[in-house]
């Protein structure tokens, strides 16, 4: 793989060539990475999925009722970063209960995850018409606009926290541009809390998150022919209080040079890291600012019983 326009190679060349080495988190999600992430969501330390599922189990009918209000057109559902869509299934059932049928457009960079989700939903949810889109969020945006006039876009988990505020507003604004006024967004955000609770969610005792992070290097070896010695790297989760985020890093345990065909050679000192993911933890006013700056009006915030995680329902304003 030496084509400089290939998205994986281009991302690696840019990220490893920077002063502060980074790799984008979408690189996590090859087949193996998607499998590992599904395991992460079941870990005792990873409270996020359980908290979000609790909200959807108890409030999906309310969410759908609010999203569908004020229009006679049927509600269609889009999910950015759908993965296995297991939590989403709860919401989709609520849509079918309300209107008898639903078109669902799951978007994900992992074709393996999409294939599994489509197979399960086709089998278990006869009221759904599933139209999967393999690609990035931005690649899927034009397809959102092809659905009917009433759309609910889901951005669940804590994926928006991977983006700095300016990037988050740009992404949410691009979503808003594909929605008619009155169309809705359901946005998941993790709350800021004690780092003693946050950090284990990204550095579990079983080492699944470490394997997930290190799998990124295995992917670059396989797809790009990069000569990473994976045994000379370790996973590290850090709390960055100034930026209110958990960071995941891959730390070089020795001084080494890594060559990526088509991108060049990169020298790492012992202890130097590659920043692979940020997960911002939010206070509610910060989320409300992001939504309003992107062209949405907050409608309602729903949270779990322990107030760990929020789902924000917002409506596209006139503009």
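The values are calculated or read from the model by the stated rules, or taken from the named source; none is laboratory data. Since the structure is predicted, the reported quantities are computational estimates derived from the model, not experimental observations. Don't worry about glycine lacking a Cβ; one is built from the backbone with ideal geometry, like all the others, and counts go over all protein chains shown.
Assorted remarks:
- Selection count, the range 23-48, where residues are more than 26 Å from residue 197 (Cβ to Cβ) and not in a helix (DSSP H, G or I): 3
- Test for residue 226: is it in contact with a helix residue (DSSP H, G or I) (Cβ under 8 Å, 6 or more places away or on another chain), in a loop (DSSP other than H, G, I, E, B) and not assigned by TED's automatic domain parsing to the domain that holds residue 158: yes
- Among the residues listed as 187, 217, the single one being surrounded by 20 or more Cβ atoms within 10 Å (Cβ to Cβ) and in contact (Cβ under 8 Å) with a residue 60 or more places away in the chain: 187
- Residue match in the range 76-93 (condition: modelled with pLDDT of 95 or more and more than 20 Å from the chain's Cα centre (by Cα)): yes
- Test for residue 199: is it touching a strand residue (DSSP E or B) at 6+ places or on another chain (Cβ under 8 Å), surrounded by fewer than 20 Cβ atoms within 10 Å (Cβ to Cβ) and assigned to a helix (DSSP H, G or I): yes
- Qualifying residue in the range 49-59 (condition: more than 30 Å from residue 8 (Cβ to Cβ), assigned to a helix (DSSP H, G or I), touching a residue at least 60 places away in the same chain (Cβ under 8 Å) and over 20 Å from the mean Cα position of the chain (by Cα)): yes
- Hey, residue 168 without any contact (Cβ under 8 Å) to a residue 40 or more places away in the chain and either surrounded by fewer than 22 Cβ atoms within 10 Å (Cβ to Cβ) or not in a loop (DSSP other than H, G, I, E, B) (or both) or not: no
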